[in-house]
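*Asks:* What follows is a structure written as structure tokens; I'll ask about it next.
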Amino acid sequence: MTMKLAKFRLKVLTIMGIASSPILSCFGKPAPEAEGLLYYSGLTDRGWQIHRFDLVTGNVSQLTDSIGDKRSPHIVRTSGDLLFRDANGRISRLDGGGERLLSETLPNCSSFFFLPTSQDIFFTRLATGNPQRQFIWKQKLGEDKFYLVYRPSNGSVRQIVLSSDGGWIVGTWLANMGEERIFKVKKDGSEFEFLTPPNRIAAYPAWSPDGKKVYFSYEVSKNNFDIWMVDTRSKELNPVYESKMESELAPALDDAGTFLYCEQRGDGLPAILRVSIENQSATKLALPHAAREPIWGVKR
């Protein structure tokens, strides 16, 4: 291939949003007003893999490549390591040495969070002898045993997220298929309190940067979810972003609390939206594939 032809081919691939890098780099639409890195699960021919989107350059990089779905990306701020959950509920770490299990003895989990200051892994898993219920557990990194943190008197715990100071857990409590509520509880399992009303479905909680609010997906009509916010003290509820036809799920905020990123589902494949919290305007990120479960990375 001549140099002139090679340059022409690269230009065409760039315009199409495709690049010839082995880690699947391409260029989407940059977001100059928001600087940072966004991590998410993107659909590939090897299942859902973890990707990174640079909001300054628009560059997309595929970070995992082993066969099987990767879910729930999580960045350890102190080390920059990427954690994720595979289809079997095992938690893995991606660092300079590649993909490896975070713990050889950690049981299958459906949700998790790692607290680097104490080296504790908080997670939800099915209760022994009761496959219909999930509780909150924790395991210290490097140890074999895991311990019960919180067991509700009835119902089941699903998603969990720790506050930035590591003091509180917010999660979702599932009573039945028509009721799922956001709750908060201290990381030692004390002071449990509901934040959303009964007989509604609220899911995918995410802390605000100041730790005073929780953003979540709220079912406003049958199978239609919008992004709402609840004050953790007053329990005041307010809508953040509402759409008429699609559902917005799994919100994630930037460090400044200026923009919210969420998964949008409709008739087609899922995509990721960037929402201005101030004026509720939204734009869809120009990604080269279906995308879901965004999380905010380390700010530049």
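*Asks:* Mind checking which strands (runs of 3 or more DSSP E) fall wholly inside segment 39-113 and carry at least 2 residues that are crowded, with 21+ Cβ neighbours inside 10 Å and in contact with a strand residue (DSSP E or B) (Cβ under 7 Å, 6 or more places away or on another chain)? Lay out the reasoning, then the answer.
*Replies:* Details: elements: 47-54, 59-62, 70-75, 82-86, 91-95, 98-101.
Answer list for segment 39-113: 47-54, 70-75, 82-86.
*Asks:* Taking segment 114-141 as the region of interest, how many residues are closer than 18 Å to E104 by Cβ, surrounded by fewer than 19 Cβ atoms within 10 Å (Cβ to Cβ) and under 21 Å from the mean Cα position of the chain (by Cα)?
*Replies:* So the answer is 1.
*Asks:* Condition check: without any contact (Cβ under 8 Å) to a residue 12 or more places away in the chain and in a strand (DSSP E or B). Does R158 satisfy that? Before the answer, list the steps.
*Replies:* Working: without any contact (Cβ under 8 Å) to a residue 12 or more places away in the chain: no; in a strand (DSSP E or B): yes.
Considered against the rule, which asks whether it is without any contact (Cβ under 8 Å) to a residue 12 or more places away in the chain and in a strand (DSSP E or B), R158 comes out as no.
*Asks:* A further question follows. Of the residues G155, G178, G171, which is of a type outside the set (D, E, K, R), under 27 Å from P131 (Cβ atoms) and out of contact with any Lys or Arg (no Cβ under 8 Å at 6 or more places or on another chain)?
*Replies:* On the way: G155 fails: out of contact with any Lys or Arg (no Cβ under 8 Å at 6 or more places or on another chain); G171 fails: out of contact with any Lys or Arg (no Cβ under 8 Å at 6 or more places or on another chain).
Matching residue, one of G155, G178, G171: G178.
*Asks:* Being of a type in the set (S, T, N, Q) and part of a loop (DSSP other than H, G, I, E, B) is the filter; apply it to segment 253-300 and report the residue that is farthest from the chain's Cα centre (by Cα).
*Replies:* Among those that are of a type in the set (S, T, N, Q) and part of a loop (DSSP other than H, G, I, E, B), it is N279.
*Asks:* Which of the residues that make up segment 175-198 are part of a strand (DSSP E or B) and in contact (Cβ under 8 Å) with a residue 24 or more places away in the chain? Write out each step before concluding.
*Replies:* Applying the first criterion (part of a strand (DSSP E or B)) to segment 175-198 yields 175-176, 179-186, 193-194.
Answer for segment 175-198, where residues must be part of a strand (DSSP E or B) and in contact (Cβ under 8 Å) with a residue 24 or more places away in the chain: I182, K184, V185.
*Asks:* Show the residue pairs meeting these rules: Cβ distance below 9 Å; 6+ apart or different chains; first residue within segment 137-149 and β-branched (V, I, T); second residue assigned to a loop (DSSP other than H, G, I, E, B) and at pLDDT 90 or above.
*Replies:* Final answer for the pair search is V149/K187; V149/D188; V149/G189.
*Asks:* Any residue that is of a type in the set (D, E), within 22 Å of the chain's Cα centre (by Cα) and surrounded by 15 or more Cβ atoms within 10 Å (Cβ to Cβ) - is there at least one of those in segment 163-171?
*Replies:* no
*Asks:* Something else now. Only one of (1) of a type outside the set (A, V, I, L, M, F, W, C); (2) more than 25 Å from L83 (Cβ to Cβ); (3) under 16 Å from the mean Cα position of the chain (by Cα) fails for D231. Which number is that?
*Replies:* Condition not satisfied by D231: (3).
*Asks:* Here's another thing I want to ask about it. For G211, all conditions in the list (1) among the small types (G, A, S); (2) in contact (Cβ under 8 Å) with a residue 40 or more places away in the chain; (3) surrounded by 16 or more Cβ atoms within 10 Å (Cβ to Cβ) hold save one; what is the number of the exception?
*Replies:* Only one criterion in (1) among the small types (G, A, S); (2) in contact (Cβ under 8 Å) with a residue 40 or more places away in the chain; (3) surrounded by 16 or more Cβ atoms within 10 Å (Cβ to Cβ) is unmet by G211, namely (3).
The values are calculated or read from the model by the stated rules, or taken from the named source; none is laboratory data. As the structure is a prediction and not an experimental result, all values here were calculated from the model. Ideal geometry is used to build each Cβ from the backbone, glycine not excepted, and the neighbour counts take in all protein chains shown.
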